[in-house]
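Single-structure report; data block below.
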Amino acid sequence: MHERKRLYRCAADIRFDDTVPSKGKILDVHLKDFSETCNCLQYQRPLTRRRPCFFVHVISLASTSQVTIGIAGPDIQDDIPPGCWNGTVGYSSSGQCYSSHKTQANTSCQKFTAGDWLGVQVTYFGKDTSTVLFLKNGVPVATRYLFEADHKHFLPTIALANGPVTLGVMWPQAVVTLPSYSERNMQHWIKSAAVSYKRKKNLFSLDDKTVGQSLVQSPCPFSKEVKMEAGQRMGFGIQYDPEQRTHSDFEDKEEQLVLCYVTVDSEIVFAHVMLQPPGGWFPRSDSTLTGLTPDDRDSPLEDRDSFQDSNRHGHKPVSGGLILDQFRMSEKLVLDIGLVYTRVTLPRQANGIHVIQFSRPLTPRDNYFDIEVKAMGDSSMVCVGIADSSFPPLTRFPGKTKDTLGYNSRDGRMYSNNKDKGNTTGKRYGKVAICGNGSEVIIDIVWQNRVSDPPVFNVTNVEHWCLPEESTVDVVNNIVYVDHGHTEVETIQAPYSLHRTLKAVKKTDLMGWGLLYPDDTKHHDAEQLVICYLTINRSVSLTRVMYQPPGGFYPVILLPPGVHRVKLNFDATIITDHPFTPEMVKQLLTTAEEMITEEERQVSNGADPEDWDSAENKGKYLRPLPITEKAVERFREKLNPSSGSEVPGLRRKTHKMANLVELMMKVNLDTNDQANHACETTSSICTIT
């Protein structure tokens, strides 16, 4: 086989220059005009420390075309873009960066189009995890982890869909000069589209219309040469183990214990020993302020304590290593315990259900673990969940027995006490319970004491919401598109329940629901009495006192058949002002408590709670603000003099919560809206079209 034939792997609809790359040479790549499927082109020489990057020039791009550049191994399918396959990363023309299917990270990418130059550079080659920097027109735009231990699988990969597309590619061997960046050059810092940099003032400015936090991150991680102070007053830095850094083979970006410290006016005020992730720590800033002025200084800071003293006095060390005795497991499972993850293998011949349980409980601090499926047959399945130490013999799925919870990869459902009913359903993925059916199953588990930080989800990022399968998202305009042909009601749910930091959600540009927590002493997710209120044009129109179930209320959007487009607006997520006075809150709660007493009396006399769900009773639980109640009654008497006043009330049924949207639609809102005093509040909005 000729050398040029061994250099490339290509799908059928791509035409390209297959000559051997040379210094500075740009090779053409074309996708056929009418090609609609995803087609991959892969360069068969891996990126190395000597040649860590490649570049792509977008020459022409149709309005519906999609281009993804990234790094993948030889096992990726021809119709899968890099980043949407385990152990790969990718940067898409849609403005998304993917790492093993996931988009969540500190930094977000930017869209690219015809005329843009793009780059992919491996900035750190780690043993298990490496770091990748994406560039647009010579400027860093995002960083991602590459979860692949075999550096021979760092193959430059390009995916094209919906032609025509024309690219110019500079493969690693053609790159003449490697790009270099400095944290001292503020123009090299990675920032979101809402942040601009003013060079004369050395100032990052945030767009006034932007809601929530925006991030600014250094293109370079902390290293042994860097001591950084952000702003005039506060700074953050790290110190490496003095004994280790003197060694000739010391690698400052590998996973290791480091001393992180915070400074105020160049004085160290706090220090903590932490486990640095592979690739190092990246300086960043999250702020809702409109301006940030970085100031990098080389002047050394006076050490308060030595590395060893800080680790010995008052700073909790990183959890110790895992040992086999910490696991309950089926006999046929094979464990390989590593520093970061535990590999669990179910041999091919081992059929039936097999379980492994980590004996260490989840805690508020260590509250997250995850798994990566490395190999699994079509007829096999994996179930992930939680259970107590008295979990039955290790032959059952978590979630299918009492007091357990589990997610099943076969049907995509989450089970709790053998029930799977809920607002949302999971997605199928073709305590860890493993079912083998003649195929070897391999999974890597990162237990909760191995994770530095769990993933962070933002309610103002529509991609972080629980979305129906086959749905697509317009991130810029916060629009969700679902399948046109769906015949069942689809649900879109926020990643978090309503609580004190996310106090309101509204539907359309006129309607919204919010929560008011009367008791500040209780945790926002605890079961408690809360005041639910409906807003019309930012004015409170109706209220209802309800028992919040454990975990809180979640914003939910119901999509009936025929609705296939939903737009969410997050420009008013945090409530800063509301019309509820202490007297109003007291009156609402007093009425509710009286109704609880009455309902408990009726139950003790044999009344059926289901009768309270009748259509004629549902409306009585909704009422206007107490201050406007008399005005509402006068208005109703004018419309219908024979009607009497409704008695407000509340029922306590944690096992069957009323549907707030349903209640809202069954009440004449116009009456209350006209009678209510206007009160400007803030909440978040969704539009259904």
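The numbers here are math on the coordinates, done by the rules we state, and not lab data. Model, not experiment: these values are computed from the prediction. Note that each Cβ is placed from the backbone with ideal geometry, even for glycine, and that neighbours are counted across all protein chains shown.
Values for this structure:
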| quantity | calculated |
| --- | --- |
| Segment 343-404, dipole about Cα centre (Lys/Arg Cβ +1, Asp/Glu Cβ -1), debye to the nearest 20 | 140 |
| Estimated translational D of segment 100-214 in µm²/s (Stokes, Kirkwood radius over Cα pairs; 10 °C; 1.306 mPa s) | 96 |
| Dipole magnitude (debye, nearest 20) for segment 7-161, charges at Cβ of Lys, Arg, Asp, Glu | 660 |
| Under the Debye formula (equal points on every Cα, no solvent term), log10 I(q)/I(0) of segment 29-172 at q = 0.15, 0.20, 0.21 Å⁻¹ | -0.64, -1.19, -1.32 |
| FRET efficiency, His151 to Ile59 (Cβ-Cβ, R0 35 Å, nearest 0.05) | 0.70 |
| Computed lengthening from Arg9 to Gln187, 0.36 nm per intervening residue step minus Cα-Cα distance | 60.4 nm |
| Cβ-Cβ FRET estimate between Thr395 and Thr113, R0 fixed at 60 Å, reported to 0.05 | 0.65 |
| Under 5 Å, built H, 5+ apart or other chain: amide partners of Leu257 | Gln276 |
| Links that overshoot a 27 Å alpha carbon limit, given the list Lys332/Lys400; Lys191/Lys567; Lys102/Lys136; Lys522/Lys567; Lys374/Lys421 | Lys522/Lys567; Lys374/Lys421 |
| Sites Lys522 and Leu203, calculated FRET efficiency, Cβ-Cβ separation with R0 45 Å, nearest 0.05 | 0.60 |
